[in-house]
Amino acid sequence: MSSNSVPSSSDKLLSTAQIRQAFIDFFVSKQHTHVPSSSLVPFNDPTLLFTNAGMNQFKDCFLGIDKRDYTRAVTSQKCVRAGGKHNDLDNVGYTARHHTFFEMLGNFSFGDYFKQAAISYAWEFLTSKQWLALDAERLYVTVYETDNDAYNIWHNDIGLPADRIIRIGDNKGAPYASDNFWAMGDTGPCGPCTEVFFDHGEHVEGGLPGTPEEDGDRYIEVWNCVFMQFNRLADGTMEPLPAPSVDTGMGLERISAILQGVHSNYEIDLFVNLINSAAKLLGIANEGQASLKVIADHIRAVSFLIADGVLPSNEGRGYVLRRIIRRAVRHGNKLGAEDSFFYKMVAPLVTEMGEAYPQLVEKQAFIESAIEKEEVQFAKTLAQGLRLLDSELEGLKSGDVLSGEAAFKLYDTYGFPVDLTADITRERGISIDEAGFDEHMEQQRQRARDSGKFDVDYSAAIKVETATEFVGYEQLEDDQVTIIGLYQDGKEVDELNEGEQGVIVLNRTPFYAEGGGQVGEMGEIRSASGVFEVEDTKKSGQAIIHHGVVNMGSLTTQQPAEAQVKSNIRLASARNHSATHLLHAALRKVLGEKVSQKGSLVTSEVLRFDFSYDTPVSARDLLTIERLVNEQIQANIATQIEFMNIDEAMAKGAAALFGEKYGETVRVLTMGTREIEDGVEKPFSIELCGGLHVKRTGDIGLFKITSESGIAAGIRRIEALTGMGALRYVQQADSQLTTLANQLKAKRPEVAERVQSMADKQRELEKEIERLNQKIASAQAASLIDDVQLIADKKVLIAQVAGIDGKAIRGLMDDMKSKLQDTIIVLIGEKGEQLALAASVSKSLTGDIKAGDIIRYLATELGGKGGGKPDYAQGGAPNSDKLATVVAQLPSWLESLLA
Ligand code: SER
C-alpha cells in the first residue's frame, strides 16, 4: 500500500490488516515514529494486571521521567481487559463489542503538538477521501464540559455544527469522574478528552452521549483523544505534567466494523475467518452461536498472553489465562468437541495476525503445546469435578438443595459453570442454593479486586525525594556518610532511640538494596551516639532505605555516620548470584534456548532459579548442568562488568529479564570462558544485571544442585548451594552414606546393591508368609466345620481365625461355603491391629437373615465399617478387647432374628 493513501472505502471494503496499516502510514506521514506494541505483561508496573491501553508503555514519558529520542509516536497496541479492574469475561461472546483481547491504534505527543493538531489529525484520518472517508454527517463529538479550547477547535476550525458537539461534565459522581476525563487508574497521567462517535443509523436503538439512551448501540465511540495534563497522586492531588501531551486511542475492531458496514465486531473479516475456522474444526455449521464467538475471541487473548510469557497457573496473570482457556474449552464442549481442539485454533490465528505480529509465528509451536497441555489437564479436572459432584450429591435426595459453597467450589476449582451443575442436579430433583453461590462469587470477586491492586511494597509508604548514591560495588564500608532521613512507622522523625524499629536513609551507602532477585543486605550503621542494626535494605524511588533496629544509644538526622555491610553475608550472596548466572547459561546450553528465566532468589544461603520448561529435567541433564557450572568455576575467569547502550548489549546476546525495564545504558556482566563461534567471541554467560558478583568464577568454590521441581504448569525450579554451603551439603550426604554402609555392613559402593537385595528378599519373605497363612487358613477351615452349631434350627458357624486379613478372608470363606450348605457363616480374621469381618448366608436362608445385616451389626458393635449383599458381606474393624464380648453375644443376637 502506498504510504499516503488507502483504497477508498467506497471502492472496496478495507480489511482489518489494511486499516491497521493505514493508521500507521497516516501518522508516519505526520512525522510520528512507529513504535512496536509493548508486551501484554506491563513493564515493572505494579498497578496493572495486563496492558490495557496504548499509553501504558508511555506512562513515564508523560510523567517526564522517561525521555525518548522522539516526541511523536504511533502504535498498534495489544491490550487485554480480563481479570483485575476491567473484568468483562462473562459478557464476551454475547455482545457486539466485548473482547478479552483487542488492538488499540494510537497516536501520541510528548510535549509536542496539543489540542489543535490532535483534533485536525483525527478528523483528517477519519473523513479524508484519501484515508478512511467516513461520512462526516454521521460523526458526533463530545468534549469535557469546561474544555472551551477543544469545543472551539471542533466548531471554528473543523466547522462542526454546534448541535453535533456535546459537552459532558463530571457525570460519574465526583470531580473529574467523567466520560470525558480519562485516567489510566487511580493514580498516574490523566486529563480531559474529546471523543468521536459514529451514528450506525436509525435502525439501531440508542441515543446520543449524555442522553438516557446513550448506552444503546446506535452511536458508537470510535476515537478517544486525551489531553494529558495532570498526574493524579494517591491522595487525589492533580499535579500538572511537565508538558501537556496527547494520547489517542481507537479500537481497531470497532472501526473495522464501521468500515466493513457491519454492526458487530464479530462480523469483521478477521473474526468471520476465525469463527469459520472454529466451526470447521468442530465439524458444525456457523449459525451465529455465541460459543463460536467465545472461541474466536479467546484464542486471541490466550495466544498473545502465552507469546508474552504468561502460562496457565493458579494465581495472578496465569490464573486469568487459565480461566480464559477453560471458558473456551467449555464452549467447545457445548458445541460437541470431545477431544482437545482449542490449540488447533492457533494456526488460523497465525494466518490472520501473524504478519502484523511475527512473535505469533515464531512461538506458534510453543503456544499450541501450552494450550493443549492445559486442555488435557482440564479434561482430567472435569472428570474429578464430576466425581466431587457425585459425592456431594450422595447424601441428598429429591427435594434437597445443594449448598452454594459446593456449587461454587465446582465452578471455581473445576471450572463447572453453575448451569452445568444445575443441569446435573436437576435430573435428581435437587436444586442449587443460588443465593449462597452468588455470595461466594462476590467474595471471590472481592479477592480478585484486592489482588488486582497488587500490594505495593511497604517501602513505597516512605516517600523519600532524594537519591542515594550506591558505592557498594567496590566496597563493604563507608565511614563518611551522613544520615539524611529517619523514619518510624512511615513517618519522618528526628531521632531513633534504643530498641526502636525504623528506617535510615543515608546520602551514600555500601548496602545493596533488594533487586534483581538478590535480597537486601544486612550490617550496621554507627554514629557517635548510637548503633543501628540493618536487617534489610530496599529501594524507595531513587533512595536506598535501611530497615532495622537501634541496638545501642540513639541516632539523629544530619549526623555523620559509618555504614558497614556484613562481609561474610555479602560474599556468600555474591557467590550465589554469580552461580545463578552460570546456571542460567548452562540450562540454556543443555536444555535449549527455549529456557527462559521466570524468577530467581539469591540469599546468602541458597539460590533458586525458576525457568520455563515443559517437563522435569532428567537426572542426567542435571548432572551435566552441574558439571558445566563447576567447569566454569574451575576455569577461574575474571568477571567483566561493562556499561553500554542497551542495543549494543542485546546485539552481544545478553540475557535480559522479561518484563524488566532497562534504561538506555545498562550494566552488562560477562562470566566464564569465551569461545569463538563463527569468528565471534561467545562468553559462557552474558546478562544484564545490577547485582553483586564475585570477582572471579573461582570464588564460587563449588556448585551443587539440591533439588529440581515443578512449581506451575511449564515452570521448573532449581535450588542449589555454593561455597561452604555446598561443601556442607556434600559432607552430610557423604556421612549419611558411611553410616548406611556401616549399618548394612557393606562397602560404600555396594550400598545400593545391598539395599536392592534386601528389598528383594523382603518381598520373597512376604510372599512366603502369605502362602503359609493360606495353608494355615485352609487347615483351620477343615477343623472349623466341627464348630457348626444350630441356632433356631439353622446351621450357623461362627469362627475366629488368626493371621487372616481382609484379602485372605474371602478365599477362606469360599472354601468354607463349598464345604457347608444351607449355613450361616461368620468369620472374624485377626491380623495385627485389624479385624477382617465376613459373613455368608446360603441363598436358601437369605429370606431369614441377610449377610449385610450381620456385618453391619458386628461393625457397629466393634466400631468399624462394612456392608454388602444378602448372601455375602464384608467389613473391617480395629482389634480391641470388645471382640470377646461381641463374639459371645452374637449367637443370641442371631437367635433373636431367626426365631
Ligand atoms: N488512553 C485512552 C484510552 O484508552 C486513549 O488512548 O481510551
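Values in this text are rule-based calculations from the coordinates and carry no lab data. Predicted, not measured: the structure shown is a model, and the values here were computed from it. Glycine also receives a Cβ, built like all others from the backbone with ideal geometry; neighbour counts cover every protein chain displayed.
Work out, step by step, the length gained on full extension between residue 276 and residue 138: first 0.36 nm times the residue separation, then minus their alpha carbon distance; give nm to one decimal.
Values: separation 138, 0.36 × 138 = 49.68 nm, distance 3.17 nm.
Residue separation times 0.36 nm, minus the Cα-Cα distance, leaves 46.5 nm.
What nm value, rounded to one decimal, do you get for the distance between residue 156 and residue 239 when each label is placed 7 Å out toward the C-beta?
3.4
Between rounded, prolate and oblate, where does the range 671-734 land on the alpha carbon gyration tensor, with a ≥ b ≥ c its root eigenvalues, rounded for a/c under 1.5, else prolate if a/b exceeds b/c? Don't skip to the end; give the middle numbers.
Numbers: a/c = 2.16, a/b = 1.37, b/c = 1.58.
Judged from the Cα gyration tensor, the range 671-734 comes out oblate (a/c at least 1.5, b/c at or above a/b).
Can you give the extra length, in nm with one decimal, that the chain gains between residue 776 and residue 606 once fully stretched, where that is 0.36 nm per residue apart less the Cα-Cα distance?
Numbers: separation 170, 0.36 × 170 = 61.20 nm, distance 5.77 nm.
That pair, residue 776 and residue 606, stretches by 55.4 nm at full extension.
At a Cα cut-off below 17 Å, give the lysines reachable from residue 78, other chains included and same-chain residues fewer than 8 away excluded.
Here the lysines satisfying the reach criterion relative to residue 78 are 59, 363.
Can you tell me the 0 to 90 degree angle between the C-alpha axis of helix 806-819 and the longest principal axis of the chain, rounded to 10?
Approximately 40 degrees, to the nearest ten.
Using 1/(1 + (r/R0)^6) with R0 = 45 angstrom and r between the beta carbons of residue 746 and residue 682, what's the FRET efficiency to the nearest 0.05?
Details: r = 47 Å, r/R0 = 1.04.
With R0 = 45 Å, the Cβ-Cβ based efficiency is 0.45.
Among 589/652; 539/598; 775/817; 172/539; 850/882, which pairs are too far apart, with a Cα-Cα distance over 28 Å? The partial results should precede the final answer.
On the way: 589/652 17 Å; 539/598 22 Å; 775/817 17 Å; 172/539 37 Å; 850/882 23 Å.
Checking Cα-Cα distances, 172/539 exceed 28 Å.
Once R0 is set to 56 Å, what does the formula 1/(1 + (r/R0)^6) return for the Cβ-Cβ distance between residue 614 and residue 397, expressed as a FRET efficiency to the nearest 0.05?
Working: r = 46 Å, r/R0 = 0.83.
Here the calculated transfer efficiency is 0.75.
Based on the mean of other Cβ atoms within 10 Å per residue, sort peptides 278-286, 54-62 so the most packed one is first. Write out the running numbers ahead of the final one.
Numbers: 278-286: 16.9, 54-62: 24.1.
Answer by packing, highest mean first, reads 54-62, 278-286.
Using a basic spin-label model with each label point 7 Å from the Cα along Cα→Cβ, how many nm lie between residue 766 and residue 205?
Going from the residue 766 label point to the residue 205 one covers 7.1 nm.
So between residue 439 and residue 497, what do we pick up on full extension, going 0.36 nm a residue minus the alpha carbon distance? Write out the running numbers ahead of the final one.
Values: separation 58, 0.36 × 58 = 20.88 nm, distance 4.90 nm.
Roughly 16.0 nm would be gained on extension.
Using a Förster radius of 22 Å, what is the FRET efficiency between residue 34 and residue 355 based on their Cβ-Cβ separation? Nearest 0.05, please. Intermediate results must be reported in sequence, preceding the final value.
On the way: r = 15 Å, r/R0 = 0.68.
Calculated value: 0.90.
Taking the mean number of other Cβ atoms within 10 Å as a proxy for protection, how do you rank 611-617, 870-876, 173-179 from highest to lowest? Mind dumping the intermediate values first?
Details: 611-617: 17.0, 870-876: 19.6, 173-179: 13.3.
With the highest mean Cβ count within 10 Å placed first, the list reads 870-876, 611-617, 173-179.
Quick one: Cα centre-to-centre distance for the range 779-841 and the range 708-732, in angstrom?
56
Place a label point 7 angstrom from the Cα of residue 338 along the Cα-to-Cβ direction, then list the residues of the range 270-307 whose backbone nitrogen is under 17 Å away.
281-284
For the pair residue 557/residue 479, report the inter-label distance in nm, with labels modelled 7 Å from Cα in the Cβ direction.
About 2.8 nm separates the two model spin labels.
For the peptides 427-439, 356-368, what is the packing order when you average, over each peptide's residues, the other Cβ atoms within 10 Å and list the highest mean first?
Values: 427-439: 14.6, 356-368: 16.8.
Descending packing order for the listed peptides: 356-368, 427-439.
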